[in-house]
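Notes to accompany the following structure.
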Ligand code: ATP
C-alpha cells in the first residue's frame, strides 16, 4: 500500500485534499490521471447498468434534500457507529473494528471510554438562520432520492415494473476513523441502482443482480475470480431482507466493494408513511395495487478505483541500455485498456521528428485518451508510461518517414509490432475496445 500511495501522489492519481494547509483527514483529491481513469470506470458502469438496458433509467438528484427524507429512511435515528476513546494515548476507534474492544491497539491500555453512539450524517444549514429548524444533511447514500423520486421517474419514463433507476453521485459520512487510503473516506462517490419489482420476485432479481454485478467486475474490469468473493451478511441491516457483499482481496485483507440488498418494501413504505403520499403501483392489466419491493446494487467508485490500482500494481524487470546493466526494475500498472488514464502514448524517437508525429497524435486523441511525450530517452519514456498504466506506446522513428509505419509497443508483453499509419486507428481500437 505504501508504494501505491506514493505512486498515486507522485504521478498525480490521488493526493490528500487541502495539503497546503496540512491536509484534512478522510478527504482526497484526484489529479489528472486519477480523474481520467475514475471517469472511465464510472462511464463503464453507466454503460453497463443504464445504456445497455431498456428497463433501467438514470437520475441525478441533489446532495442536500428535505431533512424529513433522513428521518423516514431511519438515518437520523440509526445511522450511527459506536465509538470509544483511549484515555491514555487519546486515539479514537470504532468499537466494531477493534479486535479486543477492551484494549487500545495503539498503546495497549485498557483505559477506554464507554462506547458512545456517533451519528455519521454530516449536517449543514439551509437559509440565513443557523438553528435546528434550518438544519439539513449531506446525503449519506445516493439511493434515498431515488426512492422519493421514484414515482416521478416511473411516470415520465413510462416504465413498468420491473424496472430500475440508477444514480452516480457524492455521498458523505462523518466516519469516525477514515483509513486505508481512500477505502474509508468521508466524501466519496457511489454508483447505485434500485430495481423495483414484485415482492414475490425480489429474491430472483436479487440473485440475478448478484451474478450480473460479479460478471461486471470480472469480465469488464478484468479482476481475476480468486481476488473476488461474495460474502452473505450474517446480520441484516434494519432495511434488508437479504444482503451480500462483493469483496476484493486488498493488501490489508478482504474489503467490501459493492453491496447487493433485497430492501423489500422498507423504503417506499416509510416514505409513504412520512410524506403521506401514495407510492403504490397499479398494474393496469390485473388492476392489482401494491408497494413494490426493491433490490439494490450499491458500489463505491473510490473503493473500486483503489481495488483496480492495487490489482494493477506490479514490479518486474525490463531490458535497459544503461551502462553496466542488462535489466532494470520497472513498475507497471496493468490496467485494463478500456479504463486506463492514458490509452495510447505517442512518442517521436527524436525531438527532430516531433513535427512529423504531431498529426498522428492529433488524429488518435479524438478516439483514445492520448498523450504526446518527447522528453527523455525512449526507455525512460516507456517506463514513465508503464508506471501510469498506458497499454500502448506508438513510436515514430526515422524509418517512419520512409515507410509510413510506426512501432506499437505493448505494455504487458513489451513486444513491438510495426503498423502502417493508415491502419493504426483500427489496430488500436481492436486492442483497446476488443
Ligand atoms: P462499510 O461496512 O465498509 O462501512 P457499508 O456497508 O456501510 O460499508 P454501504 O452503505 O452498503 O456500505 O455503501 C455501499 C458502498 O459504498 C460500499 O460497498 C462501499 O463501496 C462504498 N462506501 C461506503 N462507505 C464508504 C466510505 N466511507 N468510503 C468509501 N466508500 C464507501
(Q) Please determine whether any residue of segment 140-152 is closer than 23 Å to residue 275 by Cα, touching a helix residue (DSSP H, G or I) at 6+ places or on another chain (Cβ under 7 Å) and in a loop (DSSP other than H, G, I, E, B). (A) yes
Q) When you scan segment 1-115 for strands (runs of 3 or more DSSP E) that lie fully inside it, which ones turn up with 3 or more residues that are more than 16 Å from the ligand (Cβ to nearest atom)? A) 56-58
Q.
Given the condition over 30 Å from residue 43 (Cβ atoms) and modelled with pLDDT under 95, answer yes or no: does some residue in segment 380-395 qualify?
A. yes
Q. Of all residues in segment 204-234, which are within 14 Å of residue 163 (Cα to Cα) and either modelled with pLDDT under 95 or within 15 Å of the ligand (Cβ to nearest atom) (or both)?
A. 206, 209
(Q) Which numbered condition in (1) under 30 Å from residue 434 (Cα atoms); (2) within 16 Å of the ligand (Cβ to nearest atom); (3) touching a strand residue (DSSP E or B) at 6+ places or on another chain (Cβ under 9 Å) is the only one that residue 147 fails? (A) (1)
Q.
Looking for something within 26 Å of residue 187 (Cβ to Cβ) and assigned to a strand (DSSP E or B) - is there at least one such residue anywhere in segment 263-284?
A. yes
Q. In segment 154-184, how many residues are surrounded by fewer than 19 Cβ atoms within 10 Å (Cβ to Cβ) and under 17 Å from residue 61 (Cα atoms)?
A. 5
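For (1) crowded, with 16+ Cβ neighbours inside 10 Å; (2) in contact with a strand residue (DSSP E or B) (Cβ under 9 Å, 6 or more places away or on another chain); (3) free of Cβ contacts under 8 Å to residues at least 12 places away in the same chain, each residue gets a yes or a no:
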{"site": "8", "(1), (2), (3)": "yes, yes, no"}
{"site": "24", "(1), (2), (3)": "no, yes, yes"}
{"site": "65", "(1), (2), (3)": "yes, yes, no"}
{"site": "70", "(1), (2), (3)": "yes, yes, no"}
{"site": "94", "(1), (2), (3)": "yes, yes, no"}
{"site": "101", "(1), (2), (3)": "no, yes, no"}
{"site": "112", "(1), (2), (3)": "yes, yes, no"}
Q. Within segment 250-273, can you find the residues that are over 22 Å from residue 206 (Cβ atoms), free of Cβ contacts under 8 Å to residues at least 24 places away in the same chain and away from the ligand (no atom under 13 Å from the Cβ)?
A. 272
Q: Take segment 341-394 and flag every residue that is more than 20 Å from residue 328 (Cβ to Cβ) and touching a residue at least 60 places away in the same chain (Cβ under 8 Å).
A: 341, 342, 343, 344, 360, 363, 364, 367, 368, 369
Q. Residue check, residue 276 against (1) over 30 Å from residue 152 (Cβ atoms); (2) away from the ligand (no atom under 13 Å from the Cβ), all met but one. Which one?
A. (1)
(Q) Checking residue 201 against (1) in the same structural domain as residue 291 (by TED's automatic domain parsing); (2) away from the ligand (no atom under 16 Å from the Cβ); (3) touching a strand residue (DSSP E or B) at 6+ places or on another chain (Cβ under 6 Å), only one condition comes out false. Which one? (A) (3)
Q | Checklist (1) under 15 Å from residue 310 (Cβ atoms); (2) touching a residue at least 24 places away in the same chain (Cβ under 8 Å) applied to residue 247, failing item | A | (2)
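The values are calculated or read from the model by the stated rules, or taken from the named source; none is laboratory data. Since the structure is predicted, the reported quantities are computational estimates derived from the model, not experimental observations. So basically every Cβ, Gly included, is an ideal-geometry build from the backbone, and we count neighbours across all protein chains shown.
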